[in-house]
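**Q** Structure incoming, see below.
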Amino acid sequence: MNSACEFLLLSNGTSVPWGDVPEWPAAAFVEATAAELNRGGRLCAWFGVPENSATRLVAVIAFDADNTLAVGRSEPVTKSYPALTLRQPQAHLFEREVWEQHGLLPEGHPWLKPVRRQEVNHPAVGEFFQVSGDEIHEVAVGPVHAGIIEPGHFRFQCNGEEVLFLEIALGYQHRGVEEALPGGPHRATMSQMETVAGDTTIGHATAYTMLLEALAGTEAPLCGQWLRAIALELERLANHTGDLGALAGDVAFLPTAAACGKIRGDFLNLTALICGNRFGRGLIRPGGCKKDFEPERSAQLLKRIQVALAEVAEAAEWLWDANSVRARFEATGTVTNRQANEMGLVGVAARASGLLRDVRFDHPAGWHRFAQMPVSTWPDGDVFARARVRWLEIQRAGNFISEQLGMPPDGGIYQAPGNPEANMLAVALVEGWRGEICHVALTDEAGKFRRYKIVDPSFHNWTGLAMALRQQAISDFPLCNKSFNLSYCGFDL
Amino acid sequence: MFVFDTILHRARHGCQTMAYPEGAAPALPDRYGGALRVDAAKCSAGCDACVPVCPTKAIVREPGKPVSLDLGKCIFCAACVEICPSKAITQTKDHRMAVQRREDLFLGAPGAEEVRLAAALDGKLKKLFGRSLRLRQVSAGGCNACEADTNVLGTIGWDLGRFGIQFVASPRHADGLLVTGAISRNMELALKKTYDAVPSPKIVIAVGACAIGGGPFIGHPQVLNGAGAVVPVDLYIPGCPPHPLTILDGLLRWLDRLEKP
């Protein structure tokens, strides 16, 4: 191989032979990856694959405008390689993770510290960035927070009320999801995928099952793919509605907060109507969906969703009408379009900074190949924009489900997939309600997992929250945090 | 305009808080399975078909002994129900599952086919907590589903506050902890510190399969397989996640706030 060779192109939800993935010496691979990112690529995943006593670096890049993914790898490398982060800030957490998992030093990385490694009975959070000066004070929040929220640590450097710098230290929720996967799938793997981030059960389960189907060279029956797409939008409806309510609550606007808290439950109950579980546990399995979706059930879902959609429309209208809400939402926690692009933000946070970035549209797989969804964006990058994009997506998701229920594809809902093929690499992207979920699997000689990489949208977006807080009042932190509403366990794995 | 709109809305919808527990419990979906029932007496000799299909190894059958299912480890996937040839494991559709002792979740043996529900607190603890219980929630390796369905109890439909139960922002203000998650080792210190900061007498409620026995992550070296490894647990509420009604039933049953039949 030489440095002129190109990345291997593939589509979302497909697999390629591992041996066909082009390789470069590590330094040249970093160059090649930076070049691909410079010409409009976006880093979906960057991880290591152990090989003997060395590690290969792998990059999965998305070319959104071309609806194409690209994958490349380095030759086995030990000790260190020149950091990609210096050229592409969006790689900074990925390189910290590779350093932590494989001991490969990214030379020149500006802020190399652990991501989620255990240190006795807490995560190794390392030294925090500090601002010094007579007027500067430091605020530490967490890991246990003042509500029913997952744990994480936030360290603010403040000048009076103003936040100069926020550093976010996570890892508290680390359950060893990725570490358990080599040699799998195991007995508990499907359940673990459903609980990578429990509020995104459908999203992560869909990505995982898409991968298994791609590795086996099969596809779930269309009707199963259709039901997955409906369940994915139900998950989006529940969470976006809950977020609108919580955002209203954070600015003490109680009518919408109270209404949305209840309507969110109504959407969860619709998922339970399909499968018995409010979060969709047990619905999605490799080969399709596990529960029949009879016409009567479909009719009931359609009837109930119309009621819930009308109620959420009413509650959202109060929110947009209230000047007091606009005053608190607008120009709070702004992330510019350029910052969002450089950090590689995904999902609601990216679209609220004006980036046209949505897997359902850019990399359609499964049912989204046949039923496209418009991308909802807002240009301003502030809390208002992130709330507004959620509201736009609630409407789009509602329309999508209402339409789709009227046109179910023929055929069964489930067909057992074959076994994964040996020495294959597969990539699956799913637009979960937070944003792009990326799963990458590599199989060994026996068709078992050799390496499995999960990138929750939160992995990209936590840095966005840290940036949004700069020059903000610290009292706006809860509001900004809620406007991103990122996953702790999805990040910590 | 929203002032008028909201007033109209309120008038139209009236009070949205459910009648439960005075009235009927809210309807559960037809596919909700509820607690399991295990009639080990029905098992065919030597059959252990349910054992290998359980993702969390909640079912064991030692040679010569009846099958035993640990509802604390169960994530309610019902794989065992589907595969059982003699219908020894069945879904009861019953949402009530909270117990005080870990062993009350072991199902199978004659007389122990179903969970042995928690009894009401009595004596000093009932006097202290019966009408006012303040909880600090600690998620330690939870997936945010148990957390979400605990949070739901604060919405207008459930209105947990009407029972005098409230989640507070400091362990110093709390009577106890409500713990979720498999207890990641990375949260061990924080959970211990939070528990120590709660004034005595104090109680601990473990919500969900993870907090009871590790859930889907049981056996991972990164977790401690449940809250019991770090703090003493007084009430176990199974589920993955438990339905909000299951959590509410557990709290009210324990505080002796349920209507007597």
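Every number in this text was worked out from the coordinates using simple rules, so none of it is lab data. This is a predicted model, so every value here is computed, not measured. Glycine gets a Cβ as well: all are built from the backbone with ideal geometry, and neighbour counts include every protein chain shown.
**Q** Taking the Cα centre of region B:96-229 as origin, sum charge times position over the Cβ atoms of Lys and Arg (+1) and Asp and Glu (-1), and report the length of that vector in debye to the nearest 20. Intermediate results must be reported in sequence, preceding the final value.
**A** Values: 16 positive and 11 negative charges, 119 e Å.
Charge dipole, region B:96-229, about its Cα centre: 580 debye, nearest 20.
**Q** Packing-wise, with mean Cβ within 10 Å as the measure, how do A:227-239, A:128-140, A:29-41, B:37-49 rank, highest first?
**A** Details: A:227-239: 25.9, A:128-140: 10.6, A:29-41: 18.2, B:37-49: 15.6.
Ranked from most to least packed, the peptides come out as A:227-239, A:29-41, B:37-49, A:128-140.
**Q** Taking the Cα centre of chain A as the origin, how large is its charge dipole in debye, to the nearest 20, when only Lys and Arg (+1) and Asp and Glu (-1) carry charge on their Cβ atoms?
**A** Working: 43 positive and 57 negative charges, 159 e Å.
Here the size comes out at about 760 debye.
**Q** Using a ≥ b ≥ c from the Cα gyration tensor of region A:332-469 (square roots of the eigenvalues), is it rounded, prolate or oblate, where a/c under 1.5 gives rounded and otherwise the larger of a/b and b/c decides, a/b for prolate?
**A** Values: a/c = 3.26, a/b = 1.35, b/c = 2.42.
The shape class here is oblate.
**Q** Could you tell me the distance between the Cα centroids of region A:173-249 and region A:333-381, to the nearest Å?
**A** About 19 Å separates the Cα centre of region A:173-249 from the one of region A:333-381.
**Q** Further, regarding this structure: Between A:A248, A:C289, B:A40, whose Cα lies farthest towards the positive end of the dipole of the protein assembly as shown when Lys and Arg beta carbons carry +1 and Asp and Glu beta carbons carry -1, centred on the Cα centre?
**A** Checking the options against the dipole of the protein assembly as shown, the answer is B:A40.
**Q** Which part of region B:21-46 falls in the paramagnetic zone of B:S86, meaning amide N under 20 Å from the point 7 Å along Cα-to-beta-carbon?
**A** Residues B:36-46 fall inside that zone.
**Q** Same structure again: Within 10 Å of each Cβ in A:322-328, how many Cβ atoms from other chains are there, averaged over the peptide?
**A** Working: counts 4, 1, 1, 1, 0, 0, 0.
Counting Cβ atoms of other protein chains within 10 Å of each residue's Cβ and averaging gives 1.
**Q** Ignore the peptide's own chain and count Cβ atoms of other chains within 10 Å of each Cβ in B:233-244; give me the average, rounded. Don't skip to the answer; put the middle values down first.
**A** Values: counts 0, 0, 0, 0, 0, 0, 1, 8, 6, 0, 4, 3.
For this peptide, the per-residue mean of nearby foreign Cβ atoms is 2.
**Q** Peptide B:146-159: average number of partner chain Cβ atoms within 10 Å per residue?
**A** Details: counts 3, 8, 11, 6, 1, 7, 8, 1, 3, 11, 6, 6, 3, 0.
Mean partner-chain Cβ count within 10 Å for B:146-159: 5.
**Q** When the gyration tensor of the protein assembly as shown is built from Cα positions, what are the square roots of 5 times its three eigenvalues, in whole Å, from largest to smallest?
**A** On the way: eigenvalues 283, 200, 149 Å².
Rounded to whole Å, the semi-axes are 38, 32, 27.
**Q** Going by Cα centres, region A:434-461 and region B:145-173 are how many Å apart?
**A** 35
**Q** Can you tell me how region B:1-74 classifies by the Cα gyration tensor, rounded, prolate or oblate, using a/c under 1.5 as the rounded cut?
**A** Values: a/c = 5.35, a/b = 3.60, b/c = 1.49.
Verdict is prolate for region B:1-74.
**Q** Label points 7 Å out from Cα along the Cβ direction at B:E22 and B:R101: separation in nm?
**A** For the pair B:E22/B:R101, the computed spacing is 3.6 nm.
**Q** Given contacts defined as C-alpha pairs under 8 Å and at least six residues apart, what's the relative contact order of chain B, whole-number percent? Kindly include the intermediate steps, with their values, before the conclusion.
**A** On the way: 531 pairs, mean separation 54.6, N = 261.
Once divided by the residue count of chain B, the mean separation gives 21 percent.
**Q** Using Cβ contacts closer than 10 Å as the measure, can you line up A:L93, B:L28 from fewest to most?
**A** So the ranking, lowest neighbour count to highest, is B:L28, A:L93.
**Q** Which order do peptides B:149-162, A:152-165 fall in by mean Cβ count within 10 Å, highest first? Please report the intermediate quantities before stating the final value.
**A** On the way: B:149-162: 19.6, A:152-165: 17.5.
Highest-to-lowest ranking by the protection proxy: B:149-162, A:152-165.
**Q** Oh, and also: Along the positive direction of the dipole of region A:123-239 (beta-carbon charges: Lys, Arg +1; Asp, Glu -1; about the Cα centre), which of A:L212, A:V177, A:A124 reaches farthest?
**A** Value: A:L212.
**Q** Could you give the distance between the Cα centres of region A:27-45 and region A:283-311, to the whole Å?
**A** 41
**Q** At a 10 angstrom cut-off on C-beta neighbours, averaged per residue, how do the peptides A:177-183, A:471-477 rank from highest to lowest? Numbers along the way, then the final one.
**A** Numbers: A:177-183: 18.0, A:471-477: 16.4.
Put in order of decreasing packing, that is A:177-183, A:471-477.
**Q** Among B:L69, B:P110, B:A24, whose Cα projects farthest towards the positive end of the dipole of the protein assembly as shown, with charges put on the beta-carbon of Lys, Arg (+1) and Asp, Glu (-1)?
**A** B:P110
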